[in-house]
Amino acid sequence: MEWTQTVSRVLVDAMSSLLAHAWSGGWQPAELVRHFGRELTAAHAAMLADMIAHEARTYPAAATDPRWVDQVAGLRAASYGPDAYAGPNWWGSEGDYLTAWKARITDSTFWAAVATAIETVHLFSHLPVLEILLPLPGTARRAGASRAPAGERAASAADDRMLGKIRALLAKAESTEFAEEAEALSARAQELMAKYSIDHALLAAQSGEREEPSGRRIPVDSPYEDPKGTLLNVIAIANRCRAVWSKDVGLMTVVGFPADLNAVELLFTSLLVQANTAMLRAGGKRDEFGRSRTRAFRQSFLVSYAIRIGERLEEATAHATAEAVDELAAAERDSAGAVSSGTDLVPFLAARQHAVEDAVDEMFGGNLKRGRAARVTDAEGWASGRAAADLAKLHDRQPVAY
């Protein structure tokens, strides 16, 4: 019917035009769909994924950052479109969208599709402003890898192999039921990450390439988002990064150099899985009167786990840095202007840390405030969390085979 097509066309146009405002407010495709799913429902997130894919067609490929393109491609899984999702317009024309949407959902009506679209439009008016971390679509200077930050442009096939090896080790650590095996796997992965990060920094210095810090937002989901945020923060600090939490949207912005950001993201994902596994293995808890204290136990468990992990990561970082200093001191001097000896490395890393602090100041200005630490109210949870962190051993002094 003509009137249904008009309604559909108006709402699709409204959602598409609002996306441009969201992008200029710092949002990225994957973050926006996640936010709509958190605030509304999976149906709203699926509709928004369709609109983002539809809107993305208006930007020239040569002027769209490849990381943006990858996020849009990843949203296909959120769509309610056909399994063989061949393109952004599985529904046909804009006037056909809501009718096609209705047909994809059992027991849905056209007016239910209209309501979903209106609620989606309404939520746009409540979006907070985020920091812009990627070039806006249509504004990237040129196609190809040159749009990525300097450190990422220097990434090679060797980097990909190293990161692939680290991911494989952490995946095994997450899946094993044997604590000693998890210790060995996590320790080896940490050693590889530390070496990867320092070598990447030295390579940039020796090549004369100007490497700049950048930001990456990482989701921090409920339940227990406070201690999870603490865990991500201590991992960031140990890897010479800074973390800023936008708690209202469940996102933490980590600022650092590309190799360090990779390490933070990999470690956070793996250690959170290991923490959840150990926490759930402990089961539910009750007090002397039979009342549940499971939530207090788990909150305290995760806070303690995060603090102990932070201590261990700081130790591992100091050890890896000391080893790198010794290796450089024993090596022949490089060409002029490069980091050429062990004594050069410490001030070099300190200068990179200052660059990260400056990037945070530039990105967030004076809008930051210190958050309050998550509360600990359960002694057994604290002790269990610290024990679990000790089992997630992250450092040894054995040689690592490559």
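The values are calculated or read from the model by the stated rules, or taken from the named source; none is laboratory data. Keep in mind that this is a model prediction, so the values were computed, not measured. Positions of Cβ are generated from backbone atoms using ideal geometry, with glycine treated the same way; all protein chains shown enter the neighbour counts. To get the accessible areas, we keep the full protein, side chains included, count just its heavy atoms, and leave off ligands, DNA and RNA. Shrake-Rupley method; radii C 1.70, N 1.55, O 1.52, S 1.80 Å.
Roughly speaking, what is the centre-to-centre gap between the stretch 28-46 and the stretch 244-319 when only Cα atoms are used, to the nearest Å?
24
Enumerate the amide H contacts of Trp27 below 5 Å, restricted to partners 5 or more residues apart or on another chain; note that Pro and chain-start residues carry no placed amide H.
When sequence neighbours closer than 5 places are left aside, the close amide H contacts are Leu130.
What's the local net charge at Ala168, with K and R +1, D and E -1, over the other residues with C-beta under 13 Å away?
Value of the local net charge: +3.
Which order do Lys228, Lys102 take when ranked by solvent-accessible area (1.4 Å probe, heavy atoms of all protein chains), largest first?
Largest to smallest exposure gives the sequence Lys102, Lys228.
Students often check this: by mean Cβ neighbours within 10 Å, which of 125-137, 36-48 ranks highest, and how do the rest follow?
Peptide ranking by packing, descending: 36-48, 125-137.
Just to be sure I understand the model, the point goes 7 Å from the Cα along the line to the Cβ. What's the resulting Leu123 to Asn89 distance in nm?
Here the modelled spin labels are 2.6 nm apart.
Under a point spin-label approximation (7 Å from Cα along Cα-to-Cβ), what is the Ala351-Thr109 distance to one decimal in nm?
6.9
Arrange the residues Met279, Met162 by how much accessible surface each exposes, largest first, with a 1.4 angstrom probe.
Order by accessible area, largest first: Met162, Met279.
Show me 240-251, 286-297, 316-327 ranked by packing, highest mean number of other Cβ atoms within 10 Å first.
240-251, 316-327, 286-297
Report, by chain and number, residues whose modeled amide H sits under 5 Å from the one on Val220, excluding near sequence neighbours (fewer than 5 apart, same chain).
Residues meeting the criterion, in which the H sits 1.01 Å from N, are Leu251, Met252.
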